[in-house]
Amino acid sequence: MRTRTLHVVAALVVGLLTVPLAACGGDDEAGGGDSFMVGLLLPNRVTPRWEQSDKPLIEQHLRQLCPGCTMVYANAENDAARQREQMISMITKGVEVLILDPADSKALRSPIQEARRAGVPVVAYDRLAEGPISGFVSFDGDQVGRLQGEAILKAMRERRNGRTVVMMNGDPSSANAAWFRKGALSVIAGKAKIARSYDTVGWSPENAHANMTAAISALGADRISGVVAANDAIAAGVVSAFKNAGVRELPPITGQDADLEAARRIVAGEQYMTVYKPFEKEAAAAAAMAVALGNGEGPTRSRRRPPTVRRTRTSRPSCSRRER
C-alpha cells in the first residue's frame with residue numbers, strides 16, 4: 001500500500017493593498033488623541049473569518065491605537081438592506097468613522113453618500129464598495145485566484161485525471177468574487193476546459209452544495225477533474241455534494257481563508273488546498289486608517305511587497321494540499 005504524505009503549500013498572500021481615496025495627511029502613525037466611536041460592519045456569518053478573526057483583530061488594534069475609543073459592531077447576515085439600516089443607525093448614534101465590509105458592493109452607495117454628508121468617513125474593508133469612501137484595504141484578489149488556478153492545474157497533472165474544471169465562484173454582489181475568478185482564469189485559460197461555472201449567492205455552503213449537485217448531475221462525477229471553489233465555505237458545500245453523490249475519491253478542490261474546518265478536510269484528503277491570508281495585517285491597516293480619519297487625518301499610502309508562494313514540508317495542516 002502506498003503511504004500518503006502531507007506537503008504544506010503555504011500559499012501566503014503577504015501583500016496588503018491599501019488605496020487611499022481621500023486627501024492624505026502626513027506620514028506619522030495614527031495617534032489616539034481623542035475618544036470617539038468607530039462602527040464596524042461585516043457582511044455575513046457563513047464565512048468563519050469575519051466573526052472569528054477580523055472582528056476581534058480590528059477591535060484589538062483599535063484599542064491599542066485609541067484606548068478611549070469604542071467600537072460598535074453589526075453583522076449584515078448577507079442582507080444588503082439590513083446593512084444599510086445598520087449604517088444609518090450607527091450614523092444616527094454618532095459614530096465618527098465606519099469600517100465597512102459590504103454585503104453588496106454596489107447596493108450601499110446611498111448610505112455611503114449619506115455618511116459623507118454627515119461627515120462620517122468610510123473605510124472599505126476587504127471588499128471595495130461603490131461611493132465616496134475614504135480608504136480601502138484588501139488582499140490582492142487576482143493573486144489569490146492565480147494561486148487557486150495554479151494549484152488545480154498542478155493537481156490534475158499529478159493525478160492525470162483529465163482537464164475538466166468546474167468553477168464555483170463567489171457571490172456576484174461582491175467585487176472580490178470577480179477578482180478571484182479573473183485571477184484563476186488567467187492561469188487556467190487554454191490549459192483546462194471550464195465545463196460549468198456557477199455563482200454562489202451569499203457565499204453559502206448550502207448554495208454551493210446545490211450548484212455542485214447540478215454539475216455532478218449534468219457532467220457525471222467521474223468527468224470532473226477539479227473544482228475551483230472560491231473560498232473554504234464554498235469548498236465545504238462542494239465536498240458535501242460529492243459525498244452525497246456517493247463519490248469516494250474526490251477531485252482536487254481549492255479554497256481560501258485557511259478555516260479550521262478546511263484544514264481538517266485537507267488532512268482527511270477531501271480538499272486539496274486553501275489560501276492563507278494574514279488577517280492581522282489587514283485588520284491593523286483598517287484600524288490605523290479609522291483612527292487617523294477619526295482624528296481628522298487622512299490614511300497614508302502603504303504597499304507591501306507582492307504576494308508570494310512559499311513551499312515547505314511540515315505536519316501542520318494550515319494552508320496545505322494533500323499529495324498522494
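The values are calculated or read from the model by the stated rules, or taken from the named source; none is laboratory data. Since the model is a prediction, treat every value here as computed from it, not as a measurement. Here the Cβ positions follow ideal geometry from the backbone for every residue, glycine too, while neighbour counts run over all protein chains shown.
Kindly list the number of the only condition in (1) within 22 Å of the chain's Cα centre (by Cα); (2) assigned to a loop (DSSP other than H, G, I, E, B) that fails for residue 207.
(2)
Which one of the conditions (1) touching a strand residue (DSSP E or B) at 6+ places or on another chain (Cβ under 9 Å); (2) in the same structural domain as residue 54 (by TED's automatic domain parsing); (3) hydroxyl-bearing (Ser, Thr, Tyr) does residue 110 fail to meet, given that it meets all the rest?
Every listed condition holds for residue 110 apart from (1).
Can you list the helices (runs of 4 or more DSSP H) found entirely within the range 97-201 that contain at least 2 residues being under 22 Å from residue 40 (Cβ atoms) and under 14 Å from the mean Cα position of the chain (by Cα)? Write out each step before concluding.
Values: elements: 109-117, 141-159, 175-188.
Here the list reads 175-188.
Can you spot a residue in the range 49-70 that is within 16 Å of the chain's Cα centre (by Cα) and either outside the structural domain of residue 101 (by TED's automatic domain parsing) or free of Cβ contacts under 8 Å to residues at least 24 places away in the same chain (or both)? Explain how you work it out, then say what you get.
Of all residues in the range 49-70, those within 16 Å of the chain's Cα centre (by Cα) come to 49-55, 57-58.
Applying the additional criterion that residues be either outside the structural domain of residue 101 (by TED's automatic domain parsing) or free of Cβ contacts under 8 Å to residues at least 24 places away in the same chain (or both) yields 52, 55.
So far as the range 49-70 goes, yes, one or more of its residues are within 16 Å of the chain's Cα centre (by Cα) and either outside the structural domain of residue 101 (by TED's automatic domain parsing) or free of Cβ contacts under 8 Å to residues at least 24 places away in the same chain (or both).
Please tell me if residue 165 is touching a residue at least 40 places away in the same chain (Cβ under 8 Å), closer than 20 Å to residue 54 by Cα and either hydroxyl-bearing (Ser, Thr, Tyr) or surrounded by 22 or more Cβ atoms within 10 Å (Cβ to Cβ) (or both). Walk me through how you get there before you give the answer.
Working: touching a residue at least 40 places away in the same chain (Cβ under 8 Å): yes; closer than 20 Å to residue 54 by Cα: no; either hydroxyl-bearing (Ser, Thr, Tyr) or surrounded by 22 or more Cβ atoms within 10 Å (Cβ to Cβ) (or both): yes.
So residue 165 fails the test.
Give the range 250-276 a look and list any residue that's crowded, with 21+ Cβ neighbours inside 10 Å and in a helix (DSSP H, G or I), or say none.
Residues satisfying the conditions are 262, 265, 266.
Considering only residues that are within 24 Å of the chain's Cα centre (by Cα) and surrounded by fewer than 22 Cβ atoms within 10 Å (Cβ to Cβ), which ones fall in the range 220-249?
240
Out of 35, 89, I need the residue that is under 15 Å from residue 290 (Cβ atoms) and loosely packed, with under 15 Cβ neighbours inside 10 Å. Which one? Give the steps one after another, and end with the answer.
Values: 89 fails: under 15 Å from residue 290 (Cβ atoms).
Unique residue meeting the criteria: 35.
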